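Got a structure for you, questions after.
The values are calculated or read from the model by the stated rules, or taken from the named source; none is laboratory data. Computed from a predicted structure; not experimentally measured. Glycine also receives a Cβ, built like all others from the backbone with ideal geometry; neighbour counts cover every protein chain displayed. For accessibility, only protein heavy atoms count, side chains too; no ligands or nucleic acids. Shrake-Rupley method; radii C 1.70, N 1.55, O 1.52, S 1.80 Å.
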Amino acid sequence: MVGLIEGFLGKQADCKKSRVPAVFDRWQSITGFILACFILCHMVFTSTILLGKDAFNAVVEFAEASFLIKGGLPIVTNLIAAVIFVVFIAHAFLAMRKFPANFRQLIMFKGHKDRMKHWDTTLWWFQFLTGFALFFTASAHLVDIVFNPHKITAEHSAANFHTLEFFYFALLVFMVVHAGVGMYRLYVKWISIEGANKQEMFAKRNRVKTIIFAIFGVLALIALIADFVWVSL
């Protein structure tokens, strides 16, 4: 009965505000941070093809514990993908709470966005759109890796790029935009921005925004160049 009251009213039986939304927000931020860091590492990983096939294969073998077992354990890649997939589904479930629940709410938000012309609100809109796209594209990619029976090699990855060239280009764009905006929003949400006045606070926030977007932008550009290399193999 207590759970029903909290679920319908957003309050506990003693009329105190429920802490559940705050807990969900915290875990949404934690899972989002994990995924954003993974995306940065993943872009670096796939970009090693710029150093040649041998460099890429060497990184894969190291990640698969070749320093412990000769040739490595390909199942390590499957397990890592499985863990990331679980984190991804948890993050998606938590983030869906913030999505417009129906068409009317969607129209209301778009009207609010157009009237406000507030950059951070527009960034959330981009994050919403890319998050929706990632629910399908990233899920497909992760499931493919989880159940992939073959060892990942430069040759095998190049074959995938030739088959799904547009898919991987789109996935890169969705990931970078969503993760970049997400990391900036995490900073604004959880880290206090102090300053002598409003202008100084805005300047600090814009500086952090520039740094975060620059990091994701540079790595995305390198990853994009690497994608063209994959296609050319």
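I want to check the label-to-label distance for LYS189 and PHE62. Put each point 7 Å from Cα in the C-beta direction and report it in nm to one decimal.
Roughly 3.3 nm, to one decimal.
Keeping every protein chain in place, order PHE88, PHE135 by accessible area at 1.4 Å, biggest value first, i.e. largest first.
Greatest to least solvent exposure: PHE135, PHE88.
Keeping all protein chains in place, calculate the accessible area per residue for the range 17-232 (probe 1.4 angstrom), answer in Å².
With all protein chains present, the range 17-232 gives 60 Å² per residue.
Using every alpha carbon pair in the range 132-183, what percent of pairs falls into each 10 Å bin from 0 up to the bin containing the largest distance?
Cα pair-distance distribution for the range 132-183, in percent: 22, 50, 25, 3.
Quick one: what are the phi-derived ³J(HN,Hα) couplings along the range 128-134, Karplus 6.51/-1.76/1.60 with θ = phi - 60°, whole Hz, x for glycine and proline?
Going residue by residue, I get 4, 5, 5, x, 4, 5, 5 Hz, with x marking Gly and Pro.
Please sort by residue number the trypsin sites (Lys or Arg not before Pro) in the range 78-168 whose DSSP state is loop and whose Cβ has at most 14 other Cβ atoms within 10 Å.
Hits after loop and neighbour filter: LYS117.
Hey, another quick one. Tell me, what % of the accessible area of the range 17-232 is carbon and sulfur with a 1.4 angstrom probe?
Carbon plus sulfur share of accessible area: 72 percent.
A further question follows. Rounded to whole Hz and in sequence order, give me ³J(HN,Hα) for the range 141-147 from the Karplus expression 6.51 cos²θ - 1.76 cosθ + 1.60, θ = phi - 60°, writing x for Gly and Pro.
For the range 141-147, the Karplus-derived couplings read 5, 5, 4, 4, 6, 4, 9 Hz, x marking Gly and Pro.
Could I ask something else about it? Give a quick list of chymotrypsin sites (Phe, Trp or Tyr not before Pro) in the range 137-233 that DSSP marks as loop, anything other than H, G, I, E or B, with at most 16 other Cβ atoms within 10 Å.
Answer by residue number: PHE147.
Over 27 Å apart: what share of the alpha carbon pairs of the chain falls there, rounded to a whole percent?
46 percent
Would you mind giving the average projected area, over all directions, of the Cα convex hull of the range 139-224 in nm² with one decimal?
Averaging across all directions leaves 7.3 nm² for the Cα convex hull.
Between ILE145, ASN57, THR130, whose Cα lies farthest towards the positive end of the dipole of the chain when Lys and Arg beta carbons carry +1 and Asp and Glu beta carbons carry -1, centred on the Cα centre?
Among ILE145, ASN57, THR130, the one farthest towards the positive end of the dipole of the chain is THR130.
Find the centroid of the Cα atoms in the range 103-131 and in the range 172-209, then give the distance between the two in whole Å.
Comparing the Cα centres of the range 103-131 and the range 172-209, I get a distance of 18 Å.
Quick one: if you stick a label point 7 Å off each Cα along the C-beta vector at VAL229 and PHE103, how many nm between them?
4.8 nm
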